[in-house]
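What follows is calculated from the coordinates using simple rules that are stated; it is not laboratory data. This is a predicted model, so every value here is computed, not measured. Heads up, the Cβs are rebuilt from the backbone with ideal geometry, glycines too, and the neighbour counts pull from every protein chain shown.
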Ligand code: HEM
């Protein structure tokens, strides 16, 4: 039986926009895109042999590259057929929206960037410590 025949017959596939897919990025409601197909991995996330973290990290994004980089077996590819819920209907700009990385997703959505502020704060802290040590050395030591 070809793997596509294993898609459960009662399952109705539909088209998803990138916006819709991106909305399903939580562990308890987790979709990802592989080769243009949309998969609902919510029920599978706890059973994934590669761990749940990698799947949650790819939640709501295009995980094709990540999936292929691991070199998943035929068995893994057959499991995909059980999880498919539809096709991604592509629009201009989707690449950015579905960028395959948790961090790329955050950048696109302008979620707080913890890297920018701490760098600035760290520089200030280093300066404050340096100044304190300098003056402490000069005025407190005999
Ligand atoms: C619905 C999609 C996925 C399915 C059905 C799936 C299934 C599997 C299966 C069955 C294995 C065991 C090894 C094998 O048979 O290849 C596995 C391992 C693994 N998967 Fe996935 N996987 C999926 C998505 C992903 C994604 C998006 C990543 C992201 C990086 C990932 C990362 C891994 C890793 C790191 C391992 C462990 C590899 C090892 O220990 O050699 N998987 N996966």
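Annotations for the structure displayed:
- Contour minus Cα-Cα distance for residue 72 and residue 121 (0.36 nm per residue): 13.4 nm
- Computed FRET value (nearest 0.05) for residue 19 with residue 47, which takes r as the C-beta separation and R₀ as 25 Å: 0.35
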